[in-house]
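Where a number appears in this text, it was derived from the coordinates with a stated rule and is not lab data. None of the values given here were measured: they were computed from a predicted structure. Note that we place each Cβ from the backbone using ideal geometry, even for glycine, and neighbour counts take in every protein chain shown.
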Amino acid sequence: MSDTLPIRPAARFAGGSPAAKAAAGSGNSGARISPGFADFVRQHSAEVAHLARLLLPAGVLAEPAAVQAFRALHAEGSGGADAESMLRAAYGACIRVCRRMLPAAASVAPDAAFETRVILALRYGLRLPPVDIARITGSALPQVKAQLRQAREAQLGWTARADGPAEEHKGSSCQ
């Protein structure tokens, strides 16, 4: 397991994304942005926008969510001195913004469904290890692992029982 977040260069939008320009640009409510924070936004805007795309329903633009996440991160002054803690804080801000942006119809669904979606997006969309997911979401590591296991079992059509496949699969050769 990794103790560090994978810090990848933003391939698709590196430095030129609307999110990076808006969040790091001069139109940020008059607040002065440090060159280090602007570089951080340019470097990681694609990852944060990708997370927003994974969390928001189709038809809801992810770029505004990424911009709001970086603005919230800057306004809070959160993050920390190193890029890893800033990236964790950016992911957390993105999750909070996406939760607020959900359409009214989607907000009728249980909050647990959104939390599971967050964990799945971080694990399979951003390929983060469970340890980092637990840090970002503030959940206990066993809880994160249990949610990932339940999602895999649901995808495979297994029951939540510890003994494996559902009854209809017991006679198959796939055991």
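At each listed q (0.19, 0.20 Å⁻¹), what is the log10 of I(q)/I(0) that the Debye formula gives for segment 35-106 modelled as equal alpha-carbon point scatterers?
Listed by q, the Debye log ratios stand at -0.67, -0.73.
I'd like to compare 83-93, 44-54, 58-68, 142-152: which one has the highest average count of other Cβ atoms within 10 Å, and what's the full order after that? Kindly include the intermediate steps, with their values, before the conclusion.
On the way: 83-93: 21.1, 44-54: 24.3, 58-68: 18.4, 142-152: 15.1.
Order by mean packing, descending: 44-54, 83-93, 58-68, 142-152.
Order these peptides, 32-38, 117-123, by their mean beta-carbon neighbour count within 10 angstrom, highest first. List each step's numbers first, then the result.
Values: 32-38: 13.0, 117-123: 21.4.
Packing order, densest peptide first, comes out as 117-123, 32-38.
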